[in-house]
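Notes follow the structure.
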Amino acid sequence: MQDKINELKKKIAEAIKDVHSSDSLFQIKMKYLGKSGEVSELMKGMRDVPKEKRPEVGMIINALKVWAEEQFGKLDRTIKDKELKKRYAAEAVDVTLPGNTSKKGAYHPNTLVKRELISIFAGMGFTVFEGPEIENDYYNFTALNTPADHPARDMQDTFYITGDLLLRTQTSAGQIRVMEKQKPPIKILSPGKVYRSDDDATHSPMFSQMEGLVVDKGITLCDLKGMLDEFARKIFGDGVKTRLRPSYFPFTEPSVEVDVSCFECGGKGCRLCKGTGWIEVLGAGMVNRHVLEGCGIDPEEYSGFAFGMGIERIAMLKYGINNMKLLFEGDTRFLRQFKG
Ligand code: PHE
């Protein structure tokens, strides 16, 4: 019996020598210690052992069982330990890696400028009026003193929808809608998209304008100049001055082109102002008396001024953007840079 036991011990020791996984260790354990395992079979064989020898034989078999359980237990712990270490290594999280951040949105430069303009003019008492983008010929041209055969129609390449309907070329169309409905005093600001068949680095077929209109008793060009000075300081910085140059628009008389002193070089001359010290920012003028009359406003009693500027142009100047296309492409690498 002792020989049998020694043999079994050797077999077990041999079997577990090259075990590296807890699964195979379990298989081996079952083979020897399981219900019908070899050690258990030995126990069952006790029946054939003479009675007086049983206690002694029982003890040795039991000792074998205890020994085997110890061996399996020890090995099981080492294997489990190794397996756990391996799992931890595989599941390790590098806490120094950058996390998943959600990108913060930013306002489009156009939105920023539009809001800033509205807030500047709201501070001077202007309210916002938004006219339709699809206009008829009357509001976009005729009522603005630009009848069908007027050469000034060529100043703006128009997208026509039908003979009479068109995509508005200027927010000035809104002036008429306001003056038809509202009697002076009028002080409105009209932002919106306008369309012209024009396309290069500084022109886009669709762009945005901001229109202003003031009509009241005794309004003069001086009022326009004073208001523009205030606007220029607020949007481009203290110390910026304005200058009026004669120009032509059919719906204003006199008409002016408004320049601001270069906020980049302070007027000395640089690349931005092309060496002139001045930058053109908007068109304006005193509302033409024909336009007032057409809207039922007596030009003997009332006068007014109007101005219109391109929002993209102001944004490009303010943020140093050299290509208008950047404002329409929606590239987030560009847009992310603007924080409102
Ligand atoms: N509507 C003109 C344009 O688009 C700008 C303008 C507005 C000029 C108001 C004078 C007065 O060019």
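The values are calculated or read from the model by the stated rules, or taken from the named source; none is laboratory data. Keep in mind that this is a model prediction, so the values were computed, not measured. Because the Cβ atoms are built from the backbone with ideal geometry, glycine has one as well, and the counts that use them run over all protein chains shown. These accessible areas exclude ligands, DNA and RNA; they are computed on the full protein's heavy atoms, side chains included. Shrake-Rupley method; radii C 1.70, N 1.55, O 1.52, S 1.80 Å.
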For segment 234-314, shape from the Cα gyration tensor axes a ≥ b ≥ c, cut at a/c of 1.5 then a/b versus b/c, turns out prolate
Once you sort the root eigenvalues of the Cα gyration tensor of segment 188-279 as a ≥ b ≥ c, which label holds: rounded (a/c under 1.5), prolate (a/b larger than b/c) or oblate (the other case)? oblate
Of all the accessible heavy-atom surface of segment 170-263, with the other protein chains kept in place and a 1.4 Å probe, what percent is carbon and sulfur? 52 percent
Give the lysines whose C-alpha is closer than 17 Å to that of Lys104, dropping any in the same chain fewer than 8 places away, or say none. Lys339
About the Cα centre of segment 2-90, what is the dipole size in debye to 20, counting +1 per Lys and Arg Cβ and -1 per Asp and Glu Cβ, all else neutral? 220 debye
Mean separation of Cα contacts under 8 Å (6+ apart) over length of the chain, as relative contact order %: 15 percent
Can you work out the accessible area per residue across the chain, with the rest of the protein chains kept in place, probe 1.4 Å, in square angstrom? 57 Å²
Packing-based order for 93-100, 174-181, using average beta carbon neighbours within 10 Å, highest first: 174-181, 93-100
Computed over segment 120-225, the ratio Rg/Rh where both radii use C-alpha atoms and Rh is Kirkwood: 0.99
By the Cα gyration tensor axes a ≥ b ≥ c (a/c under 1.5 gives rounded; else a/b larger than b/c gives prolate, otherwise oblate), the shape of segment 109-335 is oblate
What is the pair-distance distribution P(r) of segment 2-90, computed from all Cα-Cα distances in 10 Å bins starting at 0, with each bin given as a whole percent? 16, 44, 25, 11, 4, 1
Relative contact order of segment 25-160, please, whole-number percent, based on alpha carbon pairs below 8 angstrom and at least 6 residues apart. 11 percent
Rounded to a whole number, what is D in µm²/s for segment 62-153 from Stokes-Einstein with the Kirkwood radius over alpha-carbon pairs (37 °C, 0.692 mPa s)? 145 µm²/s
So, in Å, what gap is there between the alpha-carbon centers of segment 152-171 and segment 48-127? 66 Å
Given a 1.4 angstrom probe, I'd like the percentage of the accessible area of segment 2-90 that is carbon and sulfur, rounded to a whole number. 55 percent
